[in-house]
1. In the stretch 151-165, is there at least one residue being at pLDDT below 85 and under 20 Å from residue 110 (Cα atoms)?
2. Considering only the stretch 83-115, state which residues are more than 20 Å from residue 264 (Cβ to Cβ), in contact (Cβ under 8 Å) with a residue 12 or more places away in the chain and surrounded by fewer than 20 Cβ atoms within 10 Å (Cβ to Cβ).
3. Specify the residue that is surrounded by the fewest Cβ atoms within 10 Å (Cβ to Cβ); the eligible residues are those in the stretch 65-80 that are farther than 16 Å from residue 273 by Cα and within 21 Å of the chain's Cα centre (by Cα).
4. Name the helices (runs of 4 or more DSSP H) wholly inside the stretch 191-256 in which the number of residues that are touching a residue at least 24 places away in the same chain (Cβ under 8 Å), under 15 Å from the mean Cα position of the chain (by Cα) and crowded, with 20+ Cβ neighbours inside 10 Å is 3 or more.
5. Just to confirm my filter: which helices (runs of 4 or more DSSP H) fall fully inside the stretch 42-118 and include at least 1 residues that are within 24 Å of residue 244 (Cα to Cα) and at pLDDT 90 or above?
6. Out of everything in the stretch 263-276 that is at pLDDT 90 or above and over 14 Å from residue 105 (Cα atoms), what residue ends up being surrounded by the most Cβ atoms within 10 Å (Cβ to Cβ)?
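The values are calculated or read from the model by the stated rules, or taken from the named source; none is laboratory data. Just so it is clear, the model here is predicted, and its values are computed rather than measured. Note: ideal-geometry Cβ built from the backbone for every residue, glycine included; neighbour counts use all protein chains shown.
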């Protein structure tokens with residue numbers, strides 16, 4: 001992975017420095033075999049972009065409420081941060097050649113800001129009125145996205161996988177952000193890892209991706225060095241991003257995390273809290 005070695009050369013050594021919340025996606029090459037392996041063949045009729053733009057919202061949070069939840073809001077969020085997520089979105093679209101995808105966001109260790117990046121990337125995708133996204137909280141032990149959006153949700157992914165909920169629609173919830181849907185982690189925290197090995201998870205991801213040709217699935221995954229769940233999820237997703245807290249993760253930790261992901265799926269590294 002020559003490209004990853006280049007990234008590691010640019011990675012700062014861990015220190016106690018911190019800075020403004022900015023995010024960078026280091027350029028990654030187009031995954032090998034993308035023209036054959038990663039892009040689904042659409043065999044069923046798709047909903048039009050005009051219909052996507054009219055997706056019904058039960059409740060839309062105002063700009064201040066979203067800002068308070070640390071969600072990017074044009075006109076309120078610092079321009080540097082807003083543009084960083086827009087640029088990240090654009091790079092991902094380009095690497096995927098315009099096809100929708102399932103993207104896992106993980107980190108070498110906890111406290112890296114995965115939930116913040118996952119939520120705001122999903123929000124950035126949904127800023128365009130011809131695209132929609134679903135954010136899925138797959139971190140049962142530390143449900144960061146759920147805490148940001150629905151801290152008191154009763155039913156979610158863990159309940160669906162355990163059979164408590166049998167219909168996908170029961171766990172898909174409005175996020176308060178136009179065109180962004182959310183599947184919370186659920187109420188069951190002690191869920192066997194084997195559930196992620198079940199075909200039901202892959203079928204769920206595929207179903208959600210096929211409903212709209214312009215829907216993007218963002219997976220908020222647990223840290224990959226400390227959770228077998230993230231390794232399994234990486235095999236079910238089309239692509240993956242690593243979130244690395246600036247100055248707090250060693251190059252060896254980044255390499256170890258990257259080695260657990262298929263190199264053709266790893267789209268890049270996001271440095272969180274980069275002071276540059």
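1. The answer is yes, given that some residue of the stretch 151-165 is at pLDDT below 85 and under 20 Å from residue 110 (Cα atoms).
2. Listed by number, the residues that qualify are 86, 87, 109, 110, 111.
3. 74
4. Working: elements: 194-197, 199-211, 228-236.
By residue number, 228-236.
5. Details: elements: 49-53, 63-68, 79-95.
Because the criterion is at least 1 residues that are within 24 Å of residue 244 (Cα to Cα) and at pLDDT 90 or above, the helices (runs of 4 or more DSSP H) in the stretch 42-118 that meet it are 79-95.
6. At the first step, the residues of the stretch 263-276 found to be at pLDDT 90 or above are 263-270.
Of the ones still in play, those that are also over 14 Å from residue 105 (Cα atoms) are 263-264.
Values: 263: 12, 264: 15.
My answer is 264.
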